[in-house]
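Shown next, in structure tokens, is the structure this report addresses.
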Amino acid sequence: MENQYGICRIAVAPLRAEPSDKAEIVSQLLFGDHVEIIAKEERWWLVKNGFDSYEGWMDFRQLAGINQQEYTEVDNQTLLAPLSFNNVLTAGDGSLYHLSPGSKLPYLADGYCHAGAEKFKLNFEGSDLTVADFKADVISTARFFLNIPYLWGGRHLFGMDCSGFVQTVFKLLNVKLKRDASQQAEQGELVGFLAEVKPGDVAFFDNEEGKITHVGIMLSANEIIHSSAKVKIDPIDDQGIFNKELGKYTHKLRIIKRFVD
């Protein structure tokens with residue numbers, strides 16, 4: 001099959017459950033995300049995200065073609081758009097792209113990055129993952145996203161779901177998490193008790209059927225930052241998250257995991 005690999009050439013592209021503009025958005029690609037192309041149906045391509053192996057359908061016009069070597073090279077590159085609301089790229093035609101933090105900057109050199117054959121001028125400084133300090137920066141990184149609205153499938157400044165928020169914070173700190181809360185719950189080391197929590201530990205919550213449905217980042221043993229209506233900080237105890245606006249517990253605590261000792 002031709003064009004077995006691609007790279008996202010726009011600021012954010014929806015991944016859908018089915019090959020239709022009306023289909024559910026299950027996740028998003030950010031600029032510079034590299035994908036493997038699995039299937040094609042007219043203008044819809046089924047792709048697998050090279051970062052977290054998540055699959056979804058997208059409009060192929062939102063991708064630029066790359067070869068297998070470039071796919072591997074992009075996978076190993078460590079420069080990202082930083083924590084800023086002013087990550088602006090200028091395309092060759094002079095139009096602007098506003099990148100969300102965590103977007104990759106492929107082949108960045110001399111102030112330019114590339115998506116396939118397209119060249120983009122950076123109007124900001126890239127962030128190098130290799131110098132990330134998880135313990136020092138996890139709280140400030142998470143708090144940067146406060147008040148970003150909740151959006152099912154979102155992992156962009158325009159909206160984030162609970163697992164997309166957690167994944168993005170950890171990505172910026174050079175820790176790779178899977179996409180969905182239930183997948184993330186399979187990673188990391190178990191924290192036995194709430195009193196043992198350290199900042200940056202991740203709490204998971206289940207529904208009545210025992211399925212993991214929500215996730216958030218612990219700021220302390222009694223506070224959590226998570227995306228629910230918006231990214232916000234709520235109190236937490238052994239029962240779960242207490243929502244002050246509703247005056248009740250809204251998420252039942254299941255387990256806590258640690259990803260960085």
_Given axes a ≥ b ≥ c from the Cα gyration tensor, I'd like to know whether the stretch 144-261 is rounded (a/c under 1.5), prolate (a/b larger than b/c) or oblate._
rounded
*Net +/- balance of residues flanking Gln77 in space, Cβ distance below 12 Å, scoring K and R +1, D and E -1*: -4
*Using the Karplus equation 6.51 cos²θ - 1.76 cosθ + 1.60 (θ = phi - 60°), what ³J(HN,Hα) coupling, rounded to whole Hz, does each residue of the stretch 209-218 give in order, writing x for Gly and Pro?*
8, x, 7, 5, 10, 8, 8, x, 9, 6
_Amide H contacts under 5 Å for His251, placed H, 5+ residues apart_ = Ile241
*At most 14 other Cβ atoms within 10 Å and a DSSP loop assignment: could you name the trypsin sites (Lys or Arg not before Pro) in the stretch 171-226 that fit?*
Lys176, Lys211
*asked:* Take the residue pairs Lys48/Lys248; Lys104/Lys135; Lys104/Lys211; Lys119/Lys176; Lys171/Lys230; Lys121/Lys198 and return only those whose Cα atoms are more than 30 Å apart.
replied: Lys48/Lys248; Lys104/Lys211; Lys121/Lys198
*Got a sec to turn the phi values of the stretch 119-124 into Karplus ³J(HN,Hα) couplings, 6.51 cos²θ - 1.76 cosθ + 1.60 with θ = phi - 60°, whole Hz, x for Gly and Pro?*
10, 10, 8, 7, 10, 7
*So what is the calculated 222 nm ellipticity per residue for the chain, using -39500 (n - 2.57) for each DSSP H run with n of 4 or more, over all residues, to the nearest 500 deg cm²/dmol?*
-3500 deg cm²/dmol
*How long is the gain from Glu189 to Arg43 if the chain were fully straight, where each residue apart is worth 0.36 nm and the alpha carbon distance is subtracted?*
48.4 nm
*Express in Å², to the nearest 10, the accessible area of Arg258 obtained by rolling a 1.4 Å probe over the protein heavy atoms while all chains stay in place.*
40
*Shape of the stretch 113-162, Cα gyration tensor, a/c cut at 1.5*: oblate
*Would you rank Phe145, Phe124, Phe242 by solvent-accessible area, highest first, keeping every protein chain in place and using a 1.4 Å probe?*
Phe242, Phe124, Phe145
*Collect residues whose amide H, placed 1.01 Å from N in the peptide plane, falls under 5 Å from the amide H of Leu151; neighbours closer than 5 in sequence don't count.*
Met160, Asp161
*Give a residue-ordered list of calculated ³J(HN,Hα) values for the stretch 41-57 (Karplus: 6.51 cos²θ - 1.76 cosθ + 1.60, θ = phi - 60°; whole Hz; x for Gly, Pro).*
9, 6, 7, 9, 10, 8, 10, 10, 5, x, 7, 10, 6, 6, 10, x, 8
*For Val191, residues with placed amide H under 5 Å, excluding near neighbours*: Ile256, Lys257, Arg258
*Going by a ≥ b ≥ c, the root eigenvalues of the Cα gyration tensor, does the stretch 78-215 fall in the rounded group (a/c under 1.5), the prolate group (a/b larger than b/c) or the oblate group?*
prolate
*On each of the three principal axes of the Cα atoms of the chain, give max minus min coordinate, whole Å, ordered largest first.*
52, 38, 31
*asked:* Could you work out how much longer the chain between Ile25 and Ala109 gets when fully extended? Use 0.36 nm per residue separation minus the Cα distance between them, nm to one decimal.
replied: 26.9 nm
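The values are calculated or read from the model by the stated rules, or taken from the named source; none is laboratory data. No experiment lies behind these values; they were computed from the predicted model shown. Note: ideal-geometry Cβ built from the backbone for every residue, glycine included; neighbour counts use all protein chains shown. Ligands, DNA and RNA are stripped out before the accessible areas are found, and what is left, the full protein with its side chains, is counted by its heavy atoms. Shrake-Rupley method; radii C 1.70, N 1.55, O 1.52, S 1.80 Å.
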